Each structure stands twice: as structure tokens, then as C-alpha cells.
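Inspection log for the structure reproduced underneath, given as C-alpha cells.
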Amino acid sequence: MIVRQLSETTVNRIAAGEVIERPASVVKELVENALDAGASRIEVVTAGGGKTLIRVADDGSGMVADDLALAIQRHCTSKLHEDDLFRIDSLGFRGEALPSIGAIARMVIASRHADEPHGWQVALDGGRIEPLRPAAIDHGTRVEVRDLFFATPARLKFLKSDRAETAAITEVVKRLALARPDVRFSLAGADRGALDWPAVAGDGAAAARVAAILGDDFLDNSLEIDAEREGLRLTGRVSLPTFHRAASTQQYLTVNGRPVRDKMLFGALRGAYADVMASDRHAVVVLDLAVDPREVDVNVHPTKADVRFRDAAMVRGLLVGAIRQALAGAGHRAASTGGTATLAALRTATGGGPSWRPTGPDRRPTTPFDWRAAPARPGEADDFGEFPDDDSRGFSDRSGEPGGFGGGSHLGGFAEAPLAPFAGFDIPSADARGHVAPLDAAAEARPLGAARAQIHANYILAQTRDGLVIVDAHAAHERLTYEKLKAQLAETGIARQLLLVPEVVELPEEDVARLLARADDLAAAGLVVESFGGGAVAVREVPALLGRDDLRGLVRDLADDFAEWEASDRVRARIDAILSTVACHGSVRSGRRLRPEEMDALLREMEATPNSGQCNHGRPTWVELKLADIERLFGRR
């Protein structure tokens with residue numbers, strides 16, 4: 001076998017395969033270069049999902065002719081000071097991706113430094129570099145990439161549809177725009193609708209950019225995070241547990257302003273919400289972690305999507321602790337979208353009838369009433385019972401003249417013979433249990449209001465000053481009981497049970513070493529393990545709540561967690577699951593009728609208990625309907 005050196009063109013194309021996976025990768029590299037150049041405005045234009053055209057223009061510092069000539073050469077950068085690979089405070093290296101892109105596409109770069117009288121332009125065609133020439137351009141840089149992967153057609157076969165590639169580009173720009181609200185971002189092209197996020201400044205800049213990209217619903221149903229520990233600082237917003245999504249696509253994480261999709265950070269997010277959200281649901285978060293660049297390695301992946309922390313346990317502890325503290329401080333809060341969903345369901349249920357939206361001062365229905373389509377037509381039996389006699393089927397009045405109205409008006413005829421079920425309909429009536437005690441004005445002013453009634457032997461109706469609250473009594477009491485059990489466990493500690501016969505679990509030596517290295521942490525959670533030869537551990541004590549239920553599986557899962565995450569909450573998670581089951585069986589059972597004072601006591605305790613806005617399974621314990629929305633539902637607004 002003969003050893004030979006690859007050509008420069010082949011080397012560049014191999015490098016391009018590592019960095020440029022799809023059109024969105026090109027946009028990411030070019031936009032990051034623009035941000036590192038100090039741009040305050042970045043414009044992205046695409047066509048054909050980025051396969052036909054990608055153009056990124058910025059108003060950054062620009063480059064002089066000599067810098068532009070070097071930027072398209074491999075291993076040239078303006079972002080590494082004194083060759084210090086341990087302190088990278090930029091989003092990437094200028095020139096790192098440009099030769100790779102130029103090797104697989106047709107690329108033109110035009111740039112002008114603010115101190116230069118005119119700009120310069122260079123073109124690359126499948127790796128072939130053309131001479132520099134003057135260009136008419138304002139200060140900044142414009143990079144135009146056409147026919148992506150034309151030099152490596154095999155890669156084109158693995159790209160998705162134009163729509164999917166366009167969506168991926170939008171997602172990349174969204175992540176960068178969330179990280180830099182001080183920069184204006186615009187997206188346009190023949191393959192998309194135009195998007196524009198103006199630059200915002202001041203104290204509310206981050207919230208304004210979040211609202212512009214993720215919507216006001218997230219802003220209204222999220223909690224602000226600002227936590228610091230030993231040189232690490234975590235800032236941003238996280239959603240309430242009852243505001244969630246089916247996938248993790250709306251979890252935006254940045255490290256020192258760099259968007260990342262790091263497994264350890266996502267695992268920490270799952271751990272933070274494990275006790276308040278169903279396992280198949282995902283929180284919506286926008287978080288930035290500020291850390292000393294020397295404490296994080298951003299070059300472990302060609303696209304820099306993954307990072308490695310010097311002290312991963314510290315980072316995980318900060319993220320989990322900050323989110324749990326914020327959720328506990330939210331108390332009884334639940335997502336405001338619950339009321340909106342309830343109203344939407346009501347509108348759907350009543351959508352078949354006439355629309356009672358007001359059309360003017362007289363508030364008449366917009367759809368005329370047709371008695372032939374009514375559920376209770378004149379002359380027929382309805383849900384209230386039969387008419388008094390057979391003559392009523394012929395619209396007879398009480399004078400015995402079929403078809404007549406007794407010589408009076410239409411209304412007069414019916415007024416003389418009202419239907420029995422509607423007798424006394426004008427007299428106020430309601431469930432008496434809601435009026436056993438007069439309305440407590442002080443309770444009505446509380447967040448969950450004053451209890452007025454219980455319906456279907458499970459749901460509490462409470463009146464607030466500006467709306468109506470519906471509480472799932474069983475789910476709410478289940479969460480209250482669960483939080484009490486956890487508080488008691490935290491005060492007394494986890495009781496341990498000594499096993500008469502230790503459980504021996506055989507494992508690879510590396511897994512044994514990981515478990516023994518964290519033996520103290522496991523003992524604090526109630527699980528005592530000791531070495532048992534070179535390839536096994538012996539479990540001496542277990543949490544009293546767990547017993548010996550599948551100890552082998554638990555120990556193996558712990559070893560897997562330590563191998564992947566360097567941390568594990570499995571023991572605590574299993575204890576919490578048992579406490580949740582105990583709380584479920586010890587809570588108010590559906591079907592039990594509560595006295596007014598019991599209902600009010602439940603509401604007051606919910607207001608004072610952390611995480612009471614959702615049950616142990618992540619479902620909301622209460623929803624609120626604003627009075628204005630209810631009135632709008634009935635056409636009063």
C-alpha cells in the first residue's frame with residue numbers, strides 16, 4: 001500500500017464535511033463571524049432552502065485587502081490571541097469555515113474596512129481562488145454562497161426538502177438572535193416569509209427579544225432566573241411546569257453567548273423539572289450560562305454545539321438548584337393558557353348554535369334564529385317533558401281555537417299559558433351549598449378567590465374579584481400532601497434499612513470505580529455500597545422506603561448515569577415516586593363532598609405551598625377564567 005499526501009482541494013472538502021453539514025451550518029458560521037466582527041445589523045437572504053443561495057450581510061468592522069486574502073486560507077484566524085487555546089471568548093475563528101465553504105460551493109466575499117476608501121472582493125469556485133479586485137460596498141462584510149455542495153454532489157442526496165432546510169436556517173438564526181438582543185436580525189428570501197427582529201436595549205431588552213421570538217404566552221408563563229455560584233452565573237427565563245411542549249425544540253441554551261445543544265445541560269433541565277412535569281413533556285427555556293472561558297472547552301465538536309466544563313457537577317448543581325428555587329417561589333402559579341384552552345373548548349362545544357357576537361347597540365345575534373333547527377321545536381316534546389295536552393301540537397291557545405293565539409298577540413298568547421318547566425324562571429336560584437355562608441370579601445381578593453360551590457363531587461368553583469377559578473380538589477390535595485411528605489423527609493433525613501444479606505451486584509471494573517468514588521453521595525441518599533472484589537459492589541443499606549425492590553437494576557442504572565452525566569438523582573427520584581404514590585392514596589378522594597370551610601382551607605393552603613399549581617404528574621391543579629372572557633363568550637362584550 002502506497003502512502004500519499006492528499007491534495008489541498010481534497011483536504012478542504014474533507015474539512016467541509018466536518019463543519020458544513022447542511023445549509024443551516026453555513027448560516028451559523030457566517031452569522032457568528034458577523035457577530036464577532038461587532039455587527040449591529042445582520043441580514044440573511046436564502047433561496048431553495050439555502051442550497052441555491054445564502055447571502056449574509058453585516059455592518060461590522062470589515063477587512064482590508066490583506067486580511068481578506070488570508071481569511072480564505074486554512075488555519076488563519078483573527079480570534080485567537082497569542083495562540084491561547086485555553087481562553088476562547090469569541091463564537092469562532094474568522095477564516096475557520098470560509099475555506100471549507102469555498103471548497104464545496106461558489107462563494108463571493110466582499111468586505112470594506114471603515115478606514116478604507118473602497119472595499120475588496122474575492123471569489124472561490126469549488127476551492128479555486130480568483131484574484132482580489134476592488135468592490136463597491138459600504139463598511140462591513142457580505143458573503144454570498146451559491147450552489148452549495150455542487151463540488152460534493154453526494155452530500156446533496158442527504159439534504160432534506162427546501163422547506164425543512166429553510167426551517168433549520170430559521171432555527172439557527174433564532175438561537176443567535178435570542179443570545180444577542182442588541183443586534184438587529186432580518187431573514188428574507190423567495191423560500192420564506194420575511195422576519196425582522198429589531199435591536200433592543202436597556203433592562204427589558206432580553207424580555208422584549210424573547211417575546212418577539214417565542215411570543216407573549218411564554219413571557220407571561222415563565223419565571224426569571226438570575227443565580228450565581230463560584231464564578232458561574234445563570235440568567236434567563238424558564239417556563240412554569242404547566243406550560244410545556246412535546247419536544248425539546250424550544251429549549252434555548254447558550255454558554256457565554258454561544259448557542260449549544262449539550263447533553264449534560266439538557267439532562268440537568270430534565271432533572272430540574274422531574275418532580276413537577278410528566279416525563280414525556282419538555283419545558284420551554286431561554287438560559288445563558290456565563291463562565292470563565294478557561295473553565296469550558298468549546299472545541300470538542302467541529303460545529304461547537306457540544307461543550308465540556310471543567311467542573312460539570314458545579315454547572316449541573318447551579319442549573320438544577322436555580323430552576324427548582326424559582327419553581328418553588330412561584331407557589332401556586334399555573335399557566336395562564338389553561339383558561340384560554342378552557343374557553344376554546346367551550347366555544348367549540350357551543351359552535352353549532354347561533355353566533356351571539358354583538359353587531360351594534362341592540363346586541364342582536366349575527367345569525368337569524370330558525371325555529372325549525374332548534375333542539376326544542378314548538379309542538380314537540382323536549383327535554384323538559386311533554387306539553388300539557390295534544391292541542392298544543394296545533395299551536396292551539398287556551399280558547400280552543402286551533403292555530404290561533406286567542407285573538408291576542410303572539411307573545412300574549414304564550415303569556416296566558418306558560419310552559420310548566422319555565423314557571424318561576426325569573427326567580428334567582430343556584431346550588432344552595434354555594435351560599436351557605438356569605439361571600440368573604442377578603443377571600444375573594446386572594447389569588448384563588450373564595451370557594452362558592454363544589455360540582456361533580458371533585459371540582460371547586462371559587463370566585464375572584466375579576467373571574468372564576470376551577471380547582472381539581474383531588475389533584476391539588478395530592479400535591480399538598482406530597483410537599484408535606486417531602487418537607488418531613490428533609491427534616492428527619494432518609495431512614496436507612498440494614499440488609500441482613502447484602503445484595504452483590506457484578507459490574508465492569510470502571511463502573512465499580514465510579515460508584516465507589518461517589519459512595520458518600522449515595523449514602524446521603526440512603527444507599528450504602530462497598531467494594532466486593534474487583535468487579536462487584538455489595539449493597540449494605542437501602543432507603544427504608546425502597547426496600548429490596550430491583551436493587552440490581554437500580555445500581556446498574558446509577559453506574560450508567562455516572563458514566564454519562566457524572567451525576568445521578570435516581571435514588572432520590574425513586575423515593576420521590578414512592579412519596580407521590582403515598583400522597584395520591586392519602587389525598588381527598590374524588591367523590592367526597594367538601595364543606596365550604598374545607599374548600600376555603602384547601603385554597604389557602606395551595607396559595608402557601610410551593611409547586612401547588614400542578615399535580616405530581618405535571619397536570620394543572622386549577623384554571624382561571626377571567627370575567628371579561630366569560631362575558632365575551634356570552635356576547636356581552
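The table for this structure:
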| read-out | value |
| --- | --- |
| Enumeration of residues in region 113-127 that are modelled with pLDDT under 90 and closer than 29 Å to Val11 by Cβ | Gly126, Gly127 |
| Set Leu627, Leu603: member being among the aliphatic types (A, V, I, L, M) and surrounded by fewer than 16 Cβ atoms within 10 Å (Cβ to Cβ) | Leu627 |
| Members of region 170-194 that are over 20 Å from the mean Cα position of the chain (by Cα) and touching a residue at least 40 places away in the same chain (Cβ under 8 Å) | Asp182, Val183, Arg184, Phe185, Ser186, Leu187, Ala188, Gly189, Ala190, Asp191, Arg192 |
| Residue, surrounded by the most Cβ atoms within 10 Å (Cβ to Cβ), within region 453-492, restricted to residues that are in contact (Cβ under 8 Å) with a residue 24 or more places away in the chain, more than 30 Å from Ala525 (Cα to Cα) and among the charged types (D, E, K, R) | Asp472 |
| Residues of region 493-526 classified as part of a strand (DSSP E or B), in contact (Cβ under 8 Å) with a residue 40 or more places away in the chain and either touching a Gly at 6+ places or on another chain (Cβ under 9 Å) or outside the structural domain of Ile578 (by TED's automatic domain parsing) (or both), total | 2 |
| Residue list for region 199-226, restricted to those being within 14 Å of Asp288 (Cβ to Cβ), under 16 Å from the mean Cα position of the chain (by Cα) and assigned by TED's automatic domain parsing to the domain that holds Leu287 | Glu224, Ile225 |
| Residues satisfying the stated conditions in region 254-284, i.e. part of a strand (DSSP E or B), surrounded by fewer than 23 Cβ atoms within 10 Å (Cβ to Cβ) and within 12 Å of the chain's Cα centre (by Cα) | His282 |
| Test: residue in region 515-528 that is out of contact with any Phe, Trp or Tyr (no Cβ under 7 Å at 6 or more places or on another chain) and either aromatic (Phe, Trp, Tyr) or over 15 Å from Ser568 (Cβ atoms) (or both) | yes |
| Residue list for region 196-206, filter: modelled with pLDDT of 95 or more and not in a loop (DSSP other than H, G, I, E, B) | Asp196, Trp197 |
| Enumeration of residues in region 40-77 that are in contact with a Gly (Cβ under 7 Å, 6 or more places away or on another chain), surrounded by 23 or more Cβ atoms within 10 Å (Cβ to Cβ) and at pLDDT 95 or above | Thr46, Asp58 |
| Thr242 vs. criteria in contact with a Pro (Cβ under 6 Å, 6 or more places away or on another chain), outside any helix (DSSP H, G or I) and touching a residue at least 24 places away in the same chain (Cβ under 8 Å) | yes |
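The values are calculated or read from the model by the stated rules, or taken from the named source; none is laboratory data. What you see is a predicted model, and the numbers here were worked out from it, not measured in a lab. Quick reminder, even Gly has a Cβ in these numbers, built from the backbone with ideal geometry, and neighbours come from all protein chains shown.
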